[in-house]
Amino acid sequence: MEKKLINLGIFGFGCVGQGLYEVLNKTRGINARIKKICIKDPDKPRPIDQSYFTTDKEDILSDPSIDVVVELINDTAAAFDIVATALRNGKAVVSASKRMIAENLGTLYTLQQQYHVPFLYEGACCASIPIIRNLEEYYDNDLLNAVEGICNGSTNYILTKIFEEQLDFDTALRQAQEKGFAETDPTLDIEGFDPKFKICILLLHAFGTFVQPDEVFNFGISHLNDFDINYARQRSGTIKLIAKCRRQNGHVVTYVLPHLITGHHLLSDVSNEYNGILVESSFSENQFFVGKGAGGTATGSAVLSDISALTYNYHYEYKKIAQRNSLALTNDIQLKIYLRYKKTGQVDLADFYTISEKYESPDNHYVVGMINLEKLKNAAWLQNKGVNLLVLE
Ligand SMILES: NC(=O)c1ccc[n+]([C@@H]2O[C@H](COP(=O)([O-])OP(=O)(O)OC[C@H]3O[C@@H](n4cnc5c(N)ncnc54)[C@H](OP(=O)(O)O)[C@@H]3O)[C@@H](O)[C@H]2O)c1
């Protein structure tokens, strides 16, 4: 099939924008050219000709010759404004801004239906892993049970460096930032917000469920200390920040939590900035997707693939919504957790359903027990300094 020439208007020329530029230049099979790039700071030195750049968004949004708007900026409110305006102007849009997409999924879905324009965002979930298109197309008719895994390259890089190279947390975070894996605001990564935005997007494509990110519980890796790391090592395990959505008794459970994984768990081999997603379905059982989950060219390649898909009129059909299979969210499940705290009374052990193990030393205490996810989500004591949790599977 012959591919038509696409004129691109790009917003953002940071890590991902430049990655897209690089992969676009090295790819023969796509007939696309960059017409304009809108950035924020007109005085910043740029590695390519100045004539590409503008700071006026209308140079892209109001240019009728631009077919596709590619939104790759680090400002959530501005990104939503750009994407919504472009869709209203009848332009196809590609974006990698997970937070903006997750927080506005309902509106963005409606705009696509209203204006009959495609909006693709594969790069927003697991960078190079084509998970959204697989959930849309391959898992169309299959009965999905779960989509779960590592979908934050920055924290996986940090955890790998801690466990495999004995680096301390701050050094590993700095390295992740230097390599372009971390978000502009690293708390979004290390507190588990970034993977939460991604799992909210995957939830819609897997189960047809719309949720606002603040409905979903996340707890990141910033509370980890040497005691937790040793606890994992003594059990020949490792710690991974896992985002999950799983069908459960006619509902769907969704969260982002650090997990202690042991034995031959597929996710324990996912290292550095790589992401790994397990898809479990009733008939095809388990499939495992692995690929680079952050970085300019890895994300740029997913953005390029979306641009390419537009040349054959691809759009998400949101089939799980159309099939009226949408599942409601629930937090009513029991989790087995390790809870480490500093002193007696700092956490409310009465919130546990059962406790099977208890340890106390002058510096660190811990319990292992079963707790309801809703209780955990609402537990004020979880935010106390010196408290950390790991899910045990
Ligand atoms: N980095 C990754 O590995 C990765 C992976 C997947 C998804 N993402 C997502 O992709 C998006 C971009 O990330 P990034 O890492 O490329 O960010 P970045 O390196 O910080 O670059 C951000 C770019 O956005 C531009 N910008 C900010 N506000 C703007 C506005 N109002 N109008 C026009 N341009 C504006 C900046 O302009 P100036 O150059 O003038 O400052 C800069 O070029 C984010 O939403 C991020 O979450 C990133």
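The values are calculated or read from the model by the stated rules, or taken from the named source; none is laboratory data. Computed from a predicted model, the values in this text were never measured in an experiment. Quick reminder, even Gly has a Cβ in these numbers, built from the backbone with ideal geometry, and neighbours come from all protein chains shown. When the accessible area is computed, the model is the full protein with side chains, heavy atoms only, and any ligands, DNA or RNA have been set aside. Shrake-Rupley method; radii C 1.70, N 1.55, O 1.52, S 1.80 Å.
Some observations on this one:
- Residue by residue, the stretch 122-135 carries 3J(HN,Hα) couplings of 4, x, 7, 9, 10, 6, 7, 7, x, 7, 5, 5, 5, 5 Hz when phi is fed to the Karplus relation 6.51 cos²θ - 1.76 cosθ + 1.60 (θ = phi - 60°); x denotes Gly or Pro.
- Cα gyration tensor shape for the stretch 211-259, rounded if a/c is under 1.5, else prolate or oblate: oblate
- Nearest-20 debye value, the stretch 331-393 charge dipole, Cβ charges on Lys, Arg, Asp, Glu: 200 debye
- Anisotropy class assigned to the chain is prolate, per the alpha carbon gyration tensor with a/c at or over the 1.5 cut-off and a/b larger than b/c.
- Choice from Gly123, Gly276, Gly237 with maximal GNM fluctuation in the chain (Cα, 10 Å cutoff): Gly237
- Gain in span if fully extended, Lys40 to Leu392, counting 0.36 nm per residue against the direct Cα distance: 122.2 nm
- Placing +1 on the Cβ of every Lys and Arg and -1 on the Cβ of every Asp and Glu, with nothing else charged, gives the chain a dipole about its Cα centre of roughly 340 debye.
- Whole-number accessible area per residue in Å² for the chain, which is evaluated in the context of all protein chains at 1.4 Å: 43 Å²
- For the stretch 283-362 versus the stretch 102-126, the inter-centroid distance based on Cα atoms is 20 Å.
- Rg/Rh ratio calculated on Cα atoms of the stretch 322-393 (Kirkwood radius): 1.11
- Charges were assigned to the Cβ only: +1 to each Lys and Arg, -1 to each Asp and Glu. The resulting dipole of the stretch 31-99 about its Cα centre is roughly 240 debye.
- In order along the stretch 155-167, phi translates into HN-Hα couplings of 5, 5, 5, 4, 5, 5, 5, 5, 7, 9, 10, 6, 6 Hz, rounded to whole numbers, per the Karplus curve 6.51 cos²θ - 1.76 cosθ + 1.60 with θ = phi - 60° and x for Gly and Pro.
- Surface share of carbon and sulfur [accessible, 1.4 angstrom probe, percent] for the chain: 47 percent
- Accessible area in the full protein assembly, largest first, 1.4 Å probe, for Met100, Met370: Met370, Met100
- Excluding same-chain neighbours fewer than eight residues apart, the lysines reachable from Lys342 by a Cα-Cα span under 30 Å are Lys161, Lys196, Lys240, Lys244, Lys358, Lys375, Lys377, Lys385.
- Where a label projected 7 Å from the Cα of Asp226 along Cα→Cβ would reach, residues of the stretch 155-180 with amide N under 17 Å: 162-172
- Label zone at Asp363, where the point sits 7 Å out along the Cα-to-Cβ direction: the stretch 163-196 residues whose backbone N lies under 19 Å: 163, 166-171
- Cα shape, the stretch 182-302, gyration tensor, a/c 1.5 rule: rounded
- Crossing angle, helix 105-115 versus the chain [Cα axis fit, 0-90 degrees, rounded to tens]: 20 degrees
- The label point for Ser236 and the one for Gln334, both projected 7 Å from the Cα toward the Cβ, are 2.8 nm apart.
- Here the Karplus curve 6.51 cos²θ - 1.76 cosθ + 1.60, taken at θ = phi - 60°, turns the phi angles of the stretch 31-46 into couplings of 9, 9, 9, 7, 8, 8, 10, 9, 10, 9, 9, x, 9, 5, x, 10 Hz, with x standing for Gly and Pro.
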